[in-house]
Amino acid sequence: MQTFSFPPISDPRSEVLVLGTMLGEMSLGLNQYYGHKVNHFWRIMFDLHGIELLLKNRIALWDVLKACAREGSADSAIGGEVANDFAEFFSSHKKIRLVAFNGKSAAAFFDRHVGVGTKVPRIVLPSTSPANGWVSYREKVEQWRAIVNRINNN
């Protein structure tokens, strides 16, 4: 089944770009990034920012892939992938100074399709997916705090 990504949530003030791999079935059905009720992404964002979430905190959100073939939601089942247009994104979002990957798969797909030579500093954070049960919620929050620290320290 061919799956297509959502457009980014961003504005020209964004300084951090958080990249997932590709929307899962639940997110697609709800028309919402990280829509699965047990995904920790929005809970972590709320814990780190309170009610002031993404754009107010200069955080952009997108997926590495624009389209792919996949049955189910597992990144390991992705094939026939097409990356989003990052050259255009970075040219229209010149304040981005950190790319934060939501898990190792997102970073691997980015490296494969966009390239490791991207000049923007990068960090791979633990996946917020419910499939990533070997990292505790508390540890996820502490590692995700790196994006808040990057914004607040510059």
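Summing charges over all other residues whose Cβ lies under 14 Å from the Cβ of S27, with Lys and Arg as +1 and Asp and Glu as -1, gives -1.
Pairs with C-alpha atoms separated by more than 24 Å, drawn from the list K56/K104; K94/K140; K37/K95; K66/K104; K66/K119, are K56/K104; K94/K140; K37/K95.
How would you classify segment 79-154 from its alpha-carbon gyration tensor, with a ≥ b ≥ c the square roots of the eigenvalues: rounded for a/c under 1.5, else prolate if a/b is greater than b/c, otherwise oblate? Show your work: numbers first, answer last.
Details: a/c = 2.67, a/b = 1.21, b/c = 2.21.
It comes out oblate by the Cα gyration axes.
Zone of A69 (label point 7 Å along Cα→Cβ, backbone N under 16 Å): which residues in segment 1-29? Residues 1-4 fall inside that zone.
The portion of the accessible surface of the chain made up by carbon and sulfur, rounded to a whole percent, is 55 (1.4 Å probe; DNA, RNA and ligands excluded). Once backbone amide H atoms are built at 1.01 Å from N, K66 has V82, A83, N84 as its partners under 5 Å, excluding neighbours fewer than 5 places away on the same chain.
From the helices alone, meaning DSSP H stretches of at least four residues, give me the mean residue ellipticity at 222 nm for the chain, per-run term -39500 (n - 2.57), in deg cm²/dmol to the nearest 500.
On the way: 5 runs with 48 residues, N = 154.
The helix-only estimate for the chain comes to -9000 deg cm²/dmol at 222 nm.
Using a 1.4 angstrom probe on the protein heavy atoms only, could you order W134, W62, W42 from most to least accessible area?
Solvent-accessible surface, decreasing: W134, W42, W62.
Taking every protein chain into account, the accessible area of the chain amounts to 51 square angstrom per residue (probe 1.4 Å).
Its relative contact order, with pairs defined as Cα atoms under 8 Å and 6+ residues apart, puts the chain at 30 percent. Close amide-amide hydrogen proximity is noted between L98 and L17, each under 5 Å apart and 5 or more residues distant or on a separate chain (H modeled in the peptide plane; Pro and chain starts excluded).
Efficiency by 1/(1 + (r/R0)^6): what FRET value for E25 and A87, r their Cβ-Cβ distance, R0 = 35 Å, to the nearest 0.05?
Numbers: r = 29 Å, r/R0 = 0.84.
Efficiency, from the Cβ-Cβ distance: 0.75.
Taking M26, M45 and ordering them by how much accessible surface each has at a 1.4 Å probe, largest first, produces M26, M45.
The values are calculated or read from the model by the stated rules, or taken from the named source; none is laboratory data. Computed from a predicted structure; not experimentally measured. For neighbour counting, all protein chains shown are included, and Cβ atoms are generated from backbone atoms with ideal geometry for every residue, glycine included. For the accessible areas, the whole protein counts, side chains as well, though only heavy atoms, and no ligand, DNA or RNA atoms are used. Shrake-Rupley method; radii C 1.70, N 1.55, O 1.52, S 1.80 Å.
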